[in-house]
Amino acid sequence: MVVGVTHPELIQKLLNDPNCLEKPFFYDFLNMKHGLISARIDFWKVSRKVLNPTMNVKFLHDSIPVFEKCSRNMVNRMKACPKLEEPIDVLPFTMQCSLEMVCATTMGAEVLEREGSQKFMEDTEEYV
């Protein structure tokens with residue numbers, strides 16, 4: 001059975017209920033066994049506890065300029081693509097943008113703007 005919930009209070013109740021922590025089959029399409037979105041409970045709980053201190057309102061507010069800059073960079077990279085009649089694969093763009101955001105907010109540096117970042121991106125793509 002699948003239930004769709006849109007009211008914020010109900011969503012919060014579901015997300016906080018220990019009986020709702022196991023990821024359902026439709027997360028399998030992500031093909032990421034160790035991602036926080038798709039991981040099994042045993043991996044997810046440990047990872048989430050490590051990340052909890054950074055998931056606060058002040059951290060998120062302080063990160064907004066980073067999110068904005070990385071998003072603008074992604075849009076500019078997409079605009080630079082040749083105009084094709086076929087659909088564009090957004091995965092490389094969103095993956096690079098996400099990595100830029102993670103690196104900038106956790107390491108406080110623009111890691112992916114340094115030399116060797118292309119190799120890092122290629123290796124990351126290979127893992128995914």
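Filter region 83-107 down to the residues that are among the charged types (D, E, K, R) and exposed (fewer than 14 other Cβ atoms within 10 Å of the Cβ) and list them by number.
Of everything in region 83-107, those that are among the charged types (D, E, K, R) and exposed (fewer than 14 other Cβ atoms within 10 Å of the Cβ) turn out to be K83, E85, E86, D89.
Could you tell me how many of the residues in region 81-115 are within 17 Å of F59 (Cα to Cα) and modelled with pLDDT under 75?
2
Go through (1) modelled with pLDDT under 85; (2) of a type in the set (G, A, S); (3) in contact with a helix residue (DSSP H, G or I) (Cβ under 9 Å, 6 or more places away or on another chain) and name the single condition S71 misses.
So S71 meets the others, but not (1).
The values are calculated or read from the model by the stated rules, or taken from the named source; none is laboratory data. A quick note: this is a predicted structure, and the numbers were derived from the prediction, not measured. Please note: Cβ atoms are built from the backbone with ideal geometry, for glycine as well, and neighbour counts cover all protein chains shown.
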